[in-house]
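Structure first, commentary second.
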Amino acid sequence: QVQLVESGGGLVQAGGSLRLSCAASENIFSFNNMGWYRQAPGNERELVAVSTRGGSTNYADSVKGRFTISRDSAKNTVYLQMNSLKPEDTAVYYCNAAIGGGHYWGRGTQVTVSS
C-alpha cells in the first residue's frame, strides 16, 4: 500500500507563494501519473496539476502560469509551487498517485489565502 504524505500548506496573503510537497513511501519513478487536486468547502474535488511518467504536465486553466508541478524521483517527492496566490485558491490540497490500475491519495494539506 503506497503512502502519500503532503506538507507545506498554511496561511498566506494574496499574491504570496507556497510550495507543497508530497512524499511517497515507494519509488515514484514507475508511477504513471502524480498529481495535485484540491477541494474547497461545498465544492467537488478538482484537478489542479498532473505530472506524467513521460515527463509531460497539465494544469487546470485557473492555475496556468501560476502553479508548477515537479517530480524528484531521487527523493520520491512531488512538489507544487504556487505563486501569485488568490483567495479562490483556498482549499484542501490532496496528492494523488496513479499506479497500474489504482489511485492513491494523501490526507491533504490546508491552503488558506487571505485577501
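Take the solvent-accessible surface of the protein heavy atoms, probe 1.4 Å, and return the percent of it on segment 48-115 that carbon and sulfur atoms account for.
That share works out to 45 percent.
Expressed as a rounded percentage, what relative contact order does the chain have, with Cα pairs under 8 Å and six or more residues apart?
With pairs under 8 Å counted, the relative contact order is 37 percent.
Averaged per residue, what accessible surface does the chain expose to a 1.4 Å probe, in Å²?
It amounts to 53 Å² per residue over the chain.
Once phi is turned into ³J(HN,Hα) by the Karplus curve 6.51 cos²θ - 1.76 cosθ + 1.60 with θ = phi - 60°, what whole-Hz value does each residue of segment 60-66 show in order, with x for glycine and proline?
5, 4, 5, 10, 4, x, 10
What do you reckon, how do LEU18, LEU47, LEU11 stack up by accessible area (1.4 Å probe), largest on top?
These residues rank, largest area first, as LEU11, LEU47, LEU18.
Hey, if you drop one equal point scatterer on each alpha-carbon of segment 6-83 and run the Debye formula without solvent, what base-10 log of I(q)/I(0) do you get at q = 0.14, 0.17, 0.24 Å⁻¹?
-0.47, -0.68, -1.24
The values are calculated or read from the model by the stated rules, or taken from the named source; none is laboratory data. Keep in mind the model is a prediction, meaning the values are calculated, not measured. Heads up: the accessible areas ignore ligands, DNA and RNA and are worked out on the full protein's heavy atoms, side chains in. Shrake-Rupley method; radii C 1.70, N 1.55, O 1.52, S 1.80 Å.
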